[in-house]
Amino acid sequence: MRSGTPLNDVDRLPWLRTINTFANTEPGHVIACSALKKSYRTILSEQLSRKTDGKGGAEVLEQRVSSRPGHFMPSTLLNSQLATLEMPGNDEPNVIVIDADHDVDYTVKSIMTRLNELEMKN
């Protein structure tokens, strides 16, 4: 990605499995990533009770990606990421969609509120 070449599903598979293994063996962590496709979220959530997924407007995402000095993903790949995005559907009950157009503190508070609400239901 650093060279401006998007990853494909074959490239992502070992990474997704590694994250899932970590999530299953190291509980209590928040894992955030651009799990753009339902198939990615399925792999990430195997044997987990819940996961989160965020979203944000293209302009907000562009600004955030561009403001990360030395980050591996150039902002030129954002359009390919958005084109790949499959929004979570009602058949993905473990996904929490959070509007990421807000600052980090508000976003984290929103995630924690939603997780607490889910915990109280279970």
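The values are calculated or read from the model by the stated rules, or taken from the named source; none is laboratory data. All figures in this text were calculated on a predicted structure; none of them were measured in a lab. Cβ placement follows ideal geometry from the backbone for every residue including glycine, while neighbour counts extend to all protein chains displayed. Protein only, heavy atoms only, side chains kept; ligands, DNA and RNA dropped before computing areas. Shrake-Rupley method; radii C 1.70, N 1.55, O 1.52, S 1.80 Å.
Computing Cα extents along the principal axes in Å for the structure here picks out one of (1) 44, 32, 27; (2) 44, 35, 31; (3) 51, 43, 27, namely (1). Surface composition of the stretch 9-120: carbon plus sulfur atoms contribute 56% of the solvent-accessible area (1.4 Å probe, protein chains only, all chains present).
What are the DSSP H helices in the chain that stretch 27 Å or more along their long axis, judged by alpha-carbon atoms, and whose average Kyte-Doolittle hydropathy comes to at least 0.5? TM-like helix candidates: nothing returned.
For residue 38, a cut-off of 16 angstrom between C-alpha atoms picks up these aspartates and glutamates, skipping any fewer than 8 places away in its own chain: 9, 46, 53, 86, 91, 92.
Accessible area per residue for the stretch 9-120, computed on protein heavy atoms with a 1.4 Å probe, is 65 Å². Considering only 67, 102, 23, and ranking their Cα positions along the charge dipole of the stretch 9-120 that arises from unit charges at the beta-carbon of Lys, Arg, Asp and Glu, the one farthest toward the positive end is 23. Measuring with a 1.4 angstrom probe and ignoring ligands and nucleic acids, residue 38 comes out at about 70 Å² accessible. The stretch between residue 97 and residue 75, if pulled fully straight at 0.36 nm per residue, gains 5.7 nm over its current Cα-Cα span.
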